[in-house]
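Contents: one structure, followed by commentary.
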Amino acid sequence: MLDIFDSSLVSSTIRMVTPILLAALGGSLCARVGIFNVGLEGFILVGAFAAIVGNHFTGSLWLALLLAAFVTLLFSLLFGYMTVHLRANEIVVGVAINFLGLGLTTFLLRAIFGVKGAFYDKDMQGLPQLQIPVLHDIPLLGPILSGHSPLVYVSFAAAILLYLFYYRSVTGFRVRAVGMNATAAKSIGLNTVRLQYLAISLCGILCGLAGAQLSLGQVTMFTEGMAAGRGFIALVAMMLGQSHPFGILASSLLFGLMDAISIRLQGFSLPTQFTAMLPYILTIAAMFFLKDRGMGSNRASQQSGR
Amino acid sequence: MSVRLEMKNMTKRYGQFLANEGVSIAVGAGEVHAIVGENGAGKTTLMRMLYGMEEPTSGEILLDGKPVSFRGPDDAIRHGVGMVHQHFMLFPDFTVAENIVIGYEPKRGGFFDRAKAMADATALAERYRIPVSPTAVLGECSIGEQQRVEILKVLYQGAEIIILDEPTAVLTPMEVSELLATIRTLAEAGKSILLITHKLQEVMEVADRITVLRGGKVTGAVAAKDTSAEELARLMVGRDLEQLSERTEQRGEPLLVVHQVTMQEKKKKPVLDQVSFAVHHGEIVGIAGVSGNGQSELLQAISGLAAVQSGTIRLKDTDVTNRTVALIRETGLAHIPEDRYFWGAAKEETVAENALMGYHRLPAFSRGIIIQRKWFHHLVAAWIERFAIKTSSAHEKAGNLSGGNLQKLIVAREMGRETPLLLAAEPTRGVDIGAMETIHQALLEKRNKGDGILLVSSELSEILALSDRILVMFEGRIVGELSRAEATEEKISMLMAGGRGDGSTQATA
């Protein structure tokens, strides 16, 4: 049993963690402006599809990433318009966004590529594996930290940038204020609507990149519903990490590890269906630790309950 | 004293309803100007117009002689008008300094300069002698300190005219006197203060001039030195206040017997420590104490909302220790809870549905599993009439009622149960003088009928006016009992602070 834990498991954890981490960071932005975004799953799916479309028609990976980010940004604006402008219930809108994402990508898969289920093209290039010069040559660490897709490094950088944004910048400070007490934020003249749109848009971009990592980083293909619950796992990671970028980093790594182990266990003649349950069992287990915690602020929720 | 702010002939109309009609006030620099009136008299509407939250139907606002019109609060802030809201507009997870500078954060190199924020907050606090600790997290500060942060925030934004909306409603007596001192300091520094309140003692203590509103109109504009609390009350209510009806001496059998009750979380200091007392038929027992000394827990223990670890609670000779709320209420208890929003009402539901809560099980109001709403509406209509609850209809959302009116609804509901025992926690918090009179009268009538009442209040005047006996709580214990005859404000205050009530300040063992 012990030989499932080796350096390549760590390496595959880092690869697996990327979509979850990016989406969870995006989710935390929404949580910080007081919006519980259950539509992450739909965002990721749209991002994954847009990345494949971009790659197929432009042949450029960079344009593919750009398209994934841009299309998901537009998609997130729809979510923003419904929740911020029309003040629709965010859970209902989030669920609708998930189904819309699933239906839309399935439909466009047939309309654009004329296939059902999955689209694969052997001429299509996936994201390159970056061999980082000095790092790569370090024994033991080298193979673990080097040789990942650029999005892997982007996701870790995003956690650090988001930390600086929340706790060092004025805009981040105000974003947190909106989520903590929107009425108070309005009373001092903060433009809460603009801050909420800002957070939702950034969430869209991050989720778009998460999708691109799925369809271009780990494999080079699109399958229907390929987000496979990662949006919801990201949601749990966000809550477990208390919407703090480093907390999210830690909890995402945990889920990434479970993902990697579940794949590894398939090599031990365990049924796939069984091993695939692992991340979701952890999700349910995590809920026990989350009982009274939530989207970042205990005190805020207690106060609003009064 | 030059006139800094003038509001001329302000009128605000909502449909058919005139919230303000031809209201004019003038406030000078360095003046504390109190605006008093009952709930719904139009104080808040007037201030919302000044703060840019409502557009006046007609009227004119002059700042330093120049006409202005504000598009929103941020516009008002830019013109030097700041408001300290009744419900604080603060952020619990931020530090005190962050709460003060938010919206106008000092920056360095594009980043939030927290060191400068800290320094600015400290300097401001020293300049106006308002004690706060800038590094503390706001959510861990006392209510009094949070309010000081709110005032500093307004000062930081550069306010010259400061509106304080019911600022003393949430404070302890000690914090109130500190706040009044702060208000004087600010006035001496040349700020104009608009104080909205209906507590007349405070007005007499701190205000220079007073404008009285009733039904949206000015019924009096006087200098504090030329008037008295009685005259103000008359101007507010439009008639002389009635004296509370005669009390009859009529203490009966014990009704509620609390014996050696202790409530304690594991290995922590007990929140209730060996509490014993009794409430008899035909008696009002008042519990005084600085809030947070076990009063809330005691009420929760008696009403079944929280479990006790030892001791017994007997109601009408039935042991109700740690029984369910429903059973205790059935045995004969009604409860006016201290926090009307948290325990007392469902804000999103209608007035009628809120009134129905607790009655839904009674046979008179239900047939099988179906609630008989028709019968009930007569009763609710009667309550609305008796307690003069201002609501557009019984189908209005309870959350749309003002705090005072919601309180009256809850009082009516709980009194309507006609139970032998009533727990009344802060029964008049946030209600106006007229309603306070009605509620006090109703409590006294209930007592005179032979029912028992346990009254918890942070207003000593209320305790003194109503109670037959007064118990004082300090750190989870009952540290003193005073009869109606021997109780004075001084004696109670001493006990509340942990002293023995005989003049020494030593804590009781």
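Computed from the coordinates by the stated procedures, all read-outs in this text should not be read as laboratory data. Everything numeric here is computed off the predicted structure, so don't read it as measured data. Here the Cβ is made from the backbone with ideal geometry for all residues, glycine too, and neighbour counts use every protein chain on show.
Rounded, prolate or oblate: which one fits the protein assembly as shown, using the alpha carbon gyration tensor with axes a ≥ b ≥ c (rounded when a/c is under 1.5, else prolate when a/b beats b/c, else oblate)? Verdict is prolate for the protein assembly as shown.
Relative to the longest principal axis of the C-alpha atoms of chain B, give the angle of the C-alpha long axis of helix B:143-156, reported between 0 and 90° and rounded to the nearest 10°. It works out to around 10 degrees. Does the range A:18-231 classify as rounded, prolate or oblate by the C-alpha gyration tensor (a ≥ b ≥ c root eigenvalues; a/c under 1.5 gives rounded; else a/b over b/c gives prolate, otherwise oblate)? Oblate, because a/c is 1.5 or more while a/b does not exceed b/c. In the protein assembly as shown, the DSSP beta bridges split such that about 60 percent are antiparallel, to the nearest 5.
Peptide A:180-186 has a mean shielding of 5, counted as Cβ atoms of other protein chains within 10 Å of each residue's Cβ.
For chain B, the equivalent ellipsoid derived from the alpha-carbon gyration tensor has semi-axes of 40, 29, 23 Å in decreasing order. Rounded to the nearest 0.05, what FRET efficiency do A:Thr58 and A:Phe288 give with R0 = 51 Å and r taken as the Cβ-Cβ distance? Could you check? My answer for the efficiency is 0.65.
Its Cα gyration tensor gives the range B:254-496 an equivalent ellipsoid; the semi-axes, largest first and in whole Å, are 30, 21, 16. Each principal axis of the Cα cloud of the range B:112-174 was taken in turn, and the coordinate range along them, longest first, works out to 35, 29, 20 Å. In terms of surrounding Cβ atoms within a 10 Å radius of their Cβ, A:Phe43, A:Phe246, A:Phe113 rank from fewest to most as A:Phe246, A:Phe113, A:Phe43. When the Cα positions of A:Leu66, A:Thr192, B:His377 are compared along the charge dipole of the protein assembly as shown, A:Leu66 comes out farthest toward the positive end, with charges on each C-beta of Lys, Arg, Asp and Glu.
The value for the range B:3-237 of Rg(Cα) / (2.2 N^0.38 Å) is 1.02. If you plug the beta carbon distance of A:Leu270 and A:Gln125 into 1/(1 + (r/R0)^6) with R0 = 22 Å, you get a FRET efficiency near 0.10. Summarised in one figure, the compactness ratio Rg/Rh of the range A:1-73, Cα atoms and Kirkwood Rh, is 1.12. Rounded, prolate or oblate: which one fits the range A:193-287, using the alpha carbon gyration tensor with axes a ≥ b ≥ c (rounded when a/c is under 1.5, else prolate when a/b beats b/c, else oblate)? Note, shape of the range A:193-287 comes out oblate.
The mean number of Cβ atoms from other chains found within 10 Å of a Cβ in peptide B:97-104 is 3, as a whole number.
Over the range B:1-98, the hull volume per residue, using the convex hull of the C-alpha atoms, is 133 Å³.
Hydrophobic, long helices, defined as DSSP H runs whose alpha-carbon span along the helix axis is 27 Å or greater and whose mean Kyte-Doolittle value is at least -1.0, occur in chain A at A:7-32, A:61-80, A:192-212, A:245-265.
The trypsin sites (Lys or Arg not before Pro) of the range B:278-354 include none that meets both criteria, a DSSP state outside H, G, I, E and B (loop) and at most 11 other C-beta atoms within 10 angstrom of the site's C-beta. Highest average first, the peptides B:149-160, A:16-27 ordered by how many other beta carbon atoms sit within 10 Å of their residues are A:16-27, B:149-160. Considering helices alone, the calculated mean residue ellipticity of chain A at 222 nm is -22000 deg cm²/dmol, with DSSP H runs of length four and up weighted by -39500 (n - 2.57) and normalised per residue. Based on DSSP H segments of at least four residues, each scored -39500 (n - 2.57), chain B has a per-residue ellipticity at 222 nm of -9500 deg cm²/dmol. Against chain B, whose longest principal axis comes from its Cα atoms, helix B:114-127 is set at around 80 degrees.
What residue among A:Val84, A:Val46, A:Val152 shows peak mean-square fluctuation when chain A is described by a Gaussian network model with Cα springs under 10 Å? Checking each option, the largest mean-square fluctuation is seen for A:Val84. Here the relative contact order of chain B, from alpha carbon pairs under 8 Å that lie six or more residues apart, stands at 14 percent. Rounded to the nearest 20, the size of the Cβ-charge dipole of the protein assembly as shown about its Cα centre is 1660 debye, with Lys and Arg at +1 and Asp and Glu at -1. Here the range B:173-226 is treated with +1 on each Lys and Arg Cβ and -1 on each Asp and Glu Cβ, and its dipole about the Cα centre works out to around 320 debye.
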